[in-house]
Structures are given as structure tokens and as C-alpha cells.
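Below is one structure, written out as C-alpha cells, with a few remarks after it.
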Amino acid sequence: MNPYILDPAVQNFINANLNADINQIALSKSVFTNVSSAELASQITAKKKSEKKLPTWFRHENIFYPPALSIEQTSSETTAKYKSKLAIGTLLIDLTGGFGVDSYYFSKAVKQVIHCEINAELSQIAQHNASILNAENIEFKAVDGLELLKTDDLVFDTIYIDPARRAEKGKVFMLQDCTPDVVSNLDLLLSKAKRIIIKTAPLLDLTAGINELKYVSEIHIVSVKNECKEILWILEREATSDVKIVALTLNDTEKQFVFSRSEAEVSIQFTDRINVGQYLYEPDAALLKSGAFNLIGSRFNLQKLHPQTQLFTSADLQPKFPGRIFKIHETYSTGDLKKLKNLSGNVIVRNYPAKPEELVKKYKIKPHQEKFLIFSKVGNDENLIISVEIVQYY
């Protein structure tokens, strides 16, 4: 960590060049004796990436930034705020502290946080920034968090861990392929805390994760603007087999769809007729990841279009539904569509034998900001095109 980067003149240069050509800065001779062009470019790039993801850090002066990859890998403030609500007790240890965003928000929820980071420079950066942000109840240790658990007598209320997937592994995502190896150290973790919170990427299959982790009491699937960001696994010694699942959308308003695994398999009514003036519902990414497709429809009194199509309809508007809602203006068969001219709308394909770009070209469909053409099937297996207008994005 180069302390000269915090010099006021250097900080002014960084702030003045947030929209500059980074490559040009990196290749030019540095205007500062003790700060290289590469360091300037790195600070500017990382700060720029923080503008929307980490606005608290971005707004504060004298924040020191790590390489941009660390910013890309860290939690956003939006998701960090939420996961801080899942901590229990007064003492929490973050075994994979990184840039310190999660630790910062945990420090607002519990009395004391221990931030472990094996990369000594990153640990130093996180500690500096915590002092800037007045987070005085975080203790920083530049150590392997898992090794600390093995040698320290401390017992915690909550352990938080964000294992990194090992780069050499292929597309199959298993927790045993991550570092630290949570699966092999489950007994150690559960002997050291009442609650374990594990963050994983959305790629991890829920059933596979439950089978690997064994002590799962809750799963929180977190989505922001219809993009599944992370899965949070809550482990407790007394966990039952009926796992609680929370599909969460964090947008202007927070919406939760909560159920236990035993509730997921329910029957639902299908429709073979779409009526003009009705509403069409597309579940948020978090709901889709949860797998409770029929339960979604049942809870909101919706009819499903087709067994393989996660689209639903109803005569009444259900604004609490977590996902996109459209109002139906017209329906067409493929024969109808061939006769129409000046078609416009964003094309959505759900369980339909063609790709969006093929349909746009075939029917000469022009883009439109608010209108959509949804190509899908209904319960009788008939292909149907539904002309809709967006009512709710999230």
C-alpha cells in the first residue's frame, strides 16, 4: 500500500481523471515522483467501478482502492446491507474479509467484528478505509481465517465466509472446489459459532448445496434488478431437513417470497386462453432460482401458461408480485403475425421454437421502449404471441 497515493495532490488528480482515458494515463509518464502511472490508472479504474456499487466509499475522501478485480469480486452495498441482518449475537468473524464491505455492514449490526484477510496489503487497505469510515469496532488480522479458527480459543456468535472458486475448475460448481474448503471444515466451523453464513455465486445448485453443507437451516437468494447476485446459506447445529428459502428482490422496494422446501410442490391451474386486458407475470430471477414455480402462482392466485413456461396470468393486478408485470393488449397466432406490418416491441422468447434475433428478422419487428412481444406456449401446446405493455419492472 503506497501511502503517497493519499497525498492531496494525487487524490485531486484521481478525482479529476475519473472519466479520462485510462490506457493513456497508464502509458504516460507519471506527474508524481512517488506514484507510478500504473498505480494512478489502477486507483482511477477501481474508484470508477465503485461509483454505483459502493457509493459510500466513492463519496468519501482518502479512500485507498485495491486492484479493480477486488472491487468486482466484493459485495455491493445493497447486498451487504441485507446480509448484515442475518448476523446474530455480538461477535462475528469474517473469514474472507477482502476489501471489507461486508465487515463494514456487519459492524453496524453486531458489537465486534474480526476481519481476516490472508493478503496482507488488502488487509491494510481495508483497515485504512475502515478508519476513514469511522468503523471502529472492526479488528483486522492479516491471516488465514480458517487457520485462525483452528488455533484460537475464541467462540463466535456468527461466522461469515465467502469462499472463492478455484480457477482451474470447470463449469461444475461445487463448494468442495472452493477456497477455503467449507465442506471439509464443517465440524470446525459449527464448533466455533452458533450460526454460519456462507455466500456463494448463484451458479451453485440448491439441492447440491444442501447435500454438501448438511446443516442448512435457511437459503437466501438475493436479486437486484432481476439479476441474481448471490446465495446466502445459513448453517446452524440444530437445522432441520425442511429448509426455509427466501427469494429476495432488492430494488426500490424490498420484496420477499418465503417458503419451506416441503411447500414447493403444489398443483396449479393452467390456462389455454389469454384474454386482452389481463395481466402477465414473469417471476424475478431469485424466484426462478428458488424452483418453486407452481407455488409462486398459487400464492398470487395466478394461472400458468404452460408446464415448461414460467409465465403466469390473472385478471387482477398483483403489485406485490416480485418480478415483471405486463398488461395484455393483443394475442396473435403465427399466421396472424405474418399478415401484420409495422410490428414493434422488445421480443421475449419463453418456451418457443425460435431465437429472438430470428423472430425480429423474420417479422421485421422494430424495438420499442415500453412494448413487448412475448413468444410462448399456452396449456394446449399452441404457440402464441402476446402483445403487452410493461406495468412493473421489478
Subject >> Selection within the stretch 12-40 - surrounded by 17 or more Cβ atoms within 10 Å (Cβ to Cβ) and of a type outside the set (A, V, I, L, M) >> reply: Phe13, Asn17, Ser30, Glu39
Subject >> Entirely in the stretch 180-251, the strands (runs of 3 or more DSSP E) that have 2 or more residues that are farther than 21 Å from Ile114 by Cβ >> reply: 216-224, 227-236, 244-250
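Yes or no, residue by residue, for (1) aliphatic (A, V, I, L, M); (2) at pLDDT 95 or above; (3) in the same structural domain as Ile125 (by TED's automatic domain parsing); (4) under 25 Å from Thr74 (Cα atoms):
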residue	(1), (2), (3), (4)
Asp7	no, yes, no, no
Asn15	no, yes, no, yes
Ile25	yes, no, no, no
Ser28	no, no, no, no
Val31	yes, no, no, no
Asn34	no, yes, no, no
Ile44	yes, yes, no, yes
Lys49	no, yes, no, yes
**OP:** Provide a single number: the residues in the stretch 341-354 that are more than 13 Å from Leu373 (Cα to Cα) and under 27 Å from the mean Cα position of the chain (by Cα).
**Re:** 1
Subject >> Tally, over the stretch 85-120, of residues that are part of a helix (DSSP H, G or I), of a type outside the set (Val, Ile, Thr) and touching a Leu at 6+ places or on another chain (Cβ under 9 Å) >> reply: 3
**OP:** Take Ile197 and decide whether it is at pLDDT 95 or above, surrounded by 18 or more Cβ atoms within 10 Å (Cβ to Cβ) and farther than 27 Å from Thr309 by Cα.
**Re:** yes
Original post:
Within the set of pairs 6+ apart or on separate chains, which have a first residue in the stretch 53-82 that is farther than 22 Å from Leu232 by Cβ and assigned by TED's automatic domain parsing to the domain that holds Gln43, a second that is of a type in the set (D, E, K, R) and surrounded by fewer than 17 Cβ atoms within 10 Å (Cβ to Cβ), and C-beta atoms under 7 Å apart?
Top reply: Phe58/Glu51
Subject >> Within the stretch 301-324, considering residues that are surrounded by fewer than 20 Cβ atoms within 10 Å (Cβ to Cβ) and among the hydrophobic types (A, V, I, L, M, F, W, C), the one nearest to Gln278 (Cα to Cα) >> reply: Ala315
Subject >> Matching residues in the stretch 86-109 - criterion: being closer than 21 Å to Pro163 by Cβ, free of Cβ contacts under 8 Å to residues at least 60 places away in the same chain and not hydroxyl-bearing (Ser, Thr, Tyr) >> reply: Gly97, Phe99, Gly100, Val101, Phe106
Subject >> Hits in the stretch 121-140 (condition: among the acidic types (Asp, Glu) and assigned to a loop (DSSP other than H, G, I, E, B)) >> reply: Glu136
Subject >> Residue check for Lys214: of a type in the set (Lys, Arg), surrounded by fewer than 17 Cβ atoms within 10 Å (Cβ to Cβ) and touching an Asp or Glu at 6+ places or on another chain (Cβ under 8 Å) >> reply: no
**OP:** Would you mention how many residues in the stretch 281-298 are on the phi > 0 side of the Ramachandran plot and in contact with a Ser or Thr (Cβ under 7 Å, 6 or more places away or on another chain)?
**Re:** 0
Original post:
Which one of these is of a type in the set (Gly, Ala, Ser) and more than 24 Å from the chain's Cα centre (by Cα): Ala120, Ala109?
Top reply: Ala120
**OP:** Taking Glu236 as meeting all but one of (1) closer than 29 Å to Lys255 by Cα; (2) crowded, with 20+ Cβ neighbours inside 10 Å, write down the number of the exception.
**Re:** (2)
**OP:** Just name the residue that is modelled with the highest pLDDT out of those in the stretch 166-194 that are exposed (fewer than 15 other Cβ atoms within 10 Å of the Cβ) and acidic (Asp, Glu).
**Re:** Asp187
Original post:
Applying the selection to the stretch 102-132, what residues are surrounded by 21 or more Cβ atoms within 10 Å (Cβ to Cβ), out of contact with any strand residue (DSSP E or B) (no Cβ under 6 Å at 6 or more places or on another chain) and farther than 22 Å from Glu147 by Cα?
Top reply: Tyr104, Tyr105, Asn129
**OP:** For Leu154, indicate whether it is modelled with pLDDT of 95 or more and either more than 25 Å from the chain's Cα centre (by Cα) or assigned to a helix (DSSP H, G or I) (or both).
**Re:** no
Original post:
If Leu343 satisfies every condition in (1) of a type in the set (A, V, I, L, M, F, W, C); (2) surrounded by fewer than 20 Cβ atoms within 10 Å (Cβ to Cβ); (3) under 22 Å from Thr271 (Cα atoms) but one, which is the exception?
Top reply: (3)
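The values are calculated or read from the model by the stated rules, or taken from the named source; none is laboratory data. As the structure is a computational prediction, the values presented were derived from the model and not from experiment. Here Cβ is always computed from backbone atoms with ideal geometry, including for glycine, and neighbour counts include all displayed protein chains.
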